[in-house]
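The structure appears below as structure tokens.
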Amino acid sequence: ARAAGQMRYRLRVRDAAGAVHETLSVPLTVQAAPGMQVMVLSGGPNAELKLLRRWALDSGVRLQSRIELAPGTALASAGAQVTAANLRASDLLIVDERAWASLAASEKRQVREAVAGGLGLLLRVTGPLDAATRADFAGFGLRLQTGDALQDVRLSEPEGKREWPQLSRYPLQATGAGAQVALRDAQGGVLALWRNAGEGRVGVLWLIDSHL
């Protein structure tokens with residue numbers, strides 16, 4: 001169905017010669033699917049996050065976000081607390097490395113349980129990863145190693161479109177059994193990957209400056 005509402009379809013039963021043997025009326029009530037709900041946790045405000053939130057709102061995504069402004073101070077919507085109920089209501093959790101490192105052990109446990117039950121988790125790597133974060137994601141089956149210097153990258157330009165600006169990637173190497181590449185640069189370098197984890201999925205993205 002192309003839209004929500006009352007529909008009436010017809011089912012035609014034909015014989016071996018192709019003649020209509022019987023026609024049945026099939027009334028249907030089509031309901032609109034609920035929009036995706038995304039929770040975003042950020043260790044601080046930045047242009048990347050601003051454009052991500054704008055994209056989500058323009059796409060009809062129901063967005064809950066929590067942005068750390070200073071120690072003990074955050075700008076947060078009501079549904080952006082990491083609780084079992086909020087995670088069950090979400091389809092995807094996007095978190096940067098600073099926000100992940102600031103989660104309490106009980107919150108990380110709830111995220112792991114939610115991923116096992118079907119939640120998508122995306123880690124945005126914009127800076128160094130501490131040992132605890134690397135260990136946490138090794139538990140999801142992803143081994144993460146970071147370097148020191150940002151690297152310039154370009155994305156492949158769609159045919160007939162203007163040239164993309166030069167972007168940056170954090171120097172991350174990510175591997176994992178069964179991991180699938182989600183994004184490559186114009187030279188084929190990997191910028192994001194994901195893998196199944198229980199009933200959910202866990203991904204890592206290390207492209208930055210995409211707001212340009």
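The values are calculated or read from the model by the stated rules, or taken from the named source; none is laboratory data. Small disclaimer: the values here were computed from a predicted structure and weren't measured. Cβ atoms come from the backbone with ideal geometry, glycine included; neighbour counts cover every protein chain shown. Each accessible area value is taken on the protein alone, full model and side chains, heavy atoms only, with ligands, DNA and RNA left out. Shrake-Rupley method; radii C 1.70, N 1.55, O 1.52, S 1.80 Å.
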Next on the checklist: So the check is Cβ under 7 Å with 6+ separation or different chains; which pairs have a first residue in the range 194-212 that's farther than 16 Å from Glu97 by Cβ and a second one that's modelled with pLDDT under 95 and of a type in the set (Asp, Glu)?
Outcome noted: Ser210/Glu48; His211/Glu48
Next on the checklist: Show the residue pairs meeting these rules: Cβ distance below 7 Å; 6+ apart or different chains; first residue within the range 100-114 and without any contact (Cβ under 8 Å) to a residue 60 or more places away in the chain and of a type outside the set (Asp, Glu); second residue assigned to a helix (DSSP H, G or I) and surrounded by 17 or more Cβ atoms within 10 Å (Cβ to Cβ).
Outcome noted: Trp100/Thr133; Ala101/Thr133; Lys108/Asp136; Gln110/Leu87; Val111/Leu87
Checklist entry - Which residue pairs have Cβ atoms under 6 Å apart, sit 6 or more places apart or on different chains, and have a first residue in the range 138-155 that is within 17 Å of Val115 (Cβ to Cβ) and touching a residue at least 40 places away in the same chain (Cβ under 8 Å) and a second that is charged (D, E, K, R) and open to solvent by 30 Å² or more (accessible area, probe 1.4 Å)? => result Gly141/Arg195; Leu144/Arg134
Checklist outcome for this item: Filtering the range 33-62 down to residues that are within 22 Å of Ala116 (Cα to Cα) and touching a Leu at 6+ places or on another chain (Cβ under 6 Å) yields Val38, Met39
Checklist entry - Of (1) at pLDDT 95 or above; (2) open to solvent by 50 Å² or more (accessible area, probe 1.4 Å); (3) hydroxyl-bearing (Ser, Thr, Tyr), Thr133 satisfies all except one. Which? => result (2)
Item to check | Search result, residues across the range 184-199 that are touching a helix residue (DSSP H, G or I) at 6+ places or on another chain (Cβ under 6 Å) and either open to solvent by 50 Å² or more (accessible area, probe 1.4 Å) or more than 16 Å from Val111 (Cα to Cα) (or both) | outcome: Gly198
Checklist entry - Does Gln151 qualify as being farther than 18 Å from Asp209 by Cα, at pLDDT below 95, open to solvent by 20 Å² or more (accessible area, probe 1.4 Å) and touching a strand residue (DSSP E or B) at 6+ places or on another chain (Cβ under 6 Å)? => result no
Checklist entry - How many residues, within the range 137-148, are surrounded by fewer than 21 Cβ atoms within 10 Å (Cβ to Cβ) and over 10 Å from Val202 (Cα atoms)? => result 7
Checklist entry - On the given criteria, is Leu93 surrounded by fewer than 18 Cβ atoms within 10 Å (Cβ to Cβ) and of a type outside the set (Gly, Ala, Ser)? => result no
Checklist entry - If you scan the range 12-50, which residues turn out to be modelled with pLDDT under 90, more than 19 Å from the chain's Cα centre (by Cα) and open to solvent by 90 Å² or more (accessible area, probe 1.4 Å)? => result Gln31
Checklist entry - What are the residues in the range 93-112 that are touching a Leu at 6+ places or on another chain (Cβ under 8 Å) and within 15 Å of Gly198 (Cβ to Cβ), if any? => result Leu93, Gln110, Val111
